[in-house]
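Worksheet for the structure shown next.
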Amino acid sequence: PNSDVLTDDKLDIVRKFNLLLECNFRTEHEVRFYAGELNKSPKTLTNLFSLLKFPSPSKVIQNRIVLEAKRYLNYTDKSAKEIAYMLGFVSPAHFSRFFKQNSGTNISNFRE
């Protein structure tokens with residue numbers, strides 16, 4: 001790989017993004033929040049991820065939320081509604097749509 005691309009400061013931004021995500025994904029679902037915390041614009045952050053051949057920040061956020069949703073669905077008996085609120089969704093319907101779009105299956109099929 002081109003060593004200019006993989007500079008420490010660029011990878012550092014990605015590491016910081018991932019740490020921020022881990023602490024905030026339950027309440028913050030927008031790239032704008034993470035970009036702001038890193039003193040970058042959402043576009044700069046997205047371009048950086050693209051340059052490094054990583055999935056977009058929004059995709060990384062979505063994947064993290066889906067991973068957590070699947071954990072709750074697999075390992076707890078919490079309702080989809082409870083999980084929706086735990087993961088910061090304003091409505092269970094929005095969570096349900098989000099889950100299906102990002103996991104390829106609906107919640108009840110996933111639980112079976």
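The values are calculated or read from the model by the stated rules, or taken from the named source; none is laboratory data. Note that this is a predicted model, so its numbers are computed, not measured. Because the Cβ atoms are built from the backbone with ideal geometry, glycine has one as well, and the counts that use them run over all protein chains shown. Areas reflect the complete protein model, heavy atoms only, side chains present, ligands, DNA and RNA absent. Shrake-Rupley method; radii C 1.70, N 1.55, O 1.52, S 1.80 Å.
Just a few scattered comments:
- Residues that are closer than 23 Å to Cys23 by Cβ and surrounded by 13 or more Cβ atoms within 10 Å (Cβ to Cβ), drawn from the range 73-86: Leu73, Lys78, Glu82, Ile83, Ala84, Tyr85, Met86
- Residue match in the range 99-112 (condition: more than 24 Å from Ile13 (Cα to Cα), assigned to a helix (DSSP H, G or I), aliphatic (A, V, I, L, M) and open to solvent by less than 60 Å² (accessible area, probe 1.4 Å)): yes
- The one condition in (1) open to solvent by less than 40 Å² (accessible area, probe 1.4 Å); (2) under 25 Å from Glu112 (Cα atoms); (3) part of a helix (DSSP H, G or I) that Phe89 fails to fulfil: (3)
- Taken over the range 68-79, the criterion of being in a helix (DSSP H, G or I) and in contact with a Phe, Trp or Tyr (Cβ under 9 Å, 6 or more places away or on another chain) is satisfied by Glu68, Ala69, Lys70, Leu73, Asn74.
- Filter result (open to solvent by less than 100 Å² (accessible area, probe 1.4 Å) and either aliphatic (A, V, I, L, M) or at pLDDT below 95 (or both)) within the range 13-28: Ile13, Val14, Leu20, Leu21
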